[in-house]
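What follows is one structure encoded as structure tokens, with my remarks underneath.
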Amino acid sequence: MKPASLLAVLTGGVLFGFGLALSTMIQPEIVLGFLRFQDFGLLLVLGGAASVAMVAYQLAPRLMRRPLFAEAFGAHASELNRDTLAGAAIFGIGWGLCGVCPGPAIAGVGAGNWPLVLALAGIAGGAYVHGRLASRQLSRRGGTETGRGEAAV
């Protein structure tokens, strides 16, 4: 990765973390209050973030010939299947039980909320187990990985 790309990623990450901290999404008790329908302040944060992302994803390819730090805009084909639904359910249950999402957890640790390290360890453990299971499933089907998290069949 080129230094300019690394700087852009670092800047984006710092801005994202600052936004999460400013919106109090790094505090699990605030997130749990939102998930229990007790505090709707985070709805504005989520709505604002989704709106900005939607506008950027729609306008950037139309206004720019190519991204600033890549050769072309990529298309991500999404697929709604059993694995996607199961993963979303597991993620949602974990988020609902502890009020911790990966991005806010990392920002929270950066802000000194050290108990979130345990949640991040659980997230990393879950990702590791998923990777192992997906690798076994892929090898049983005889496929190979493309290097972008997709399976070529």
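Can you find, within the range 5-39, the residue that is nearest to the chain's Cα centre (by Cα) among those that are hydrophobic (A, V, I, L, M, F, W, C), surrounded by 10 or more Cβ atoms within 10 Å (Cβ to Cβ) and over 22 Å from N113 (Cα atoms)? Checked the range 5-39; the qualifying residue nearest to the chain's Cα centre (by Cα) is V9.
Beta carbons closer than 9 Å, at least 6 apart along the sequence or on distinct chains, pair a first residue in the range 3-19 that is free of Cβ contacts under 8 Å to residues at least 60 places away in the same chain with a second that is loosely packed, with under 10 Cβ neighbours inside 10 Å for V9/M1. Within the range 16-41, the set of residues being aliphatic (A, V, I, L, M) and farther than 17 Å from C101 by Cα is empty.
The residue that is farthest from V109 (Cα to Cα), among those in the range 22-65 that are assigned to a loop (DSSP other than H, G, I, E, B) and basic (K, R), is R65.
Within the range 90-118, the set of residues being in contact (Cβ under 8 Å) with a residue 12 or more places away in the chain and not aliphatic (A, V, I, L, M) comprises G94, W95, G96, C98, G99, C101, P102, G103, P104, G108, G110, N113.
All of the numbers you see were taken from the coordinates with simple rules; none came from a lab. In this text the structure is predicted, and so the values were computed from the model without any measurement. In this analysis, Cβ positions are derived from the backbone assuming ideal geometry, glycine residues included, and neighbour counts consider all displayed protein chains.
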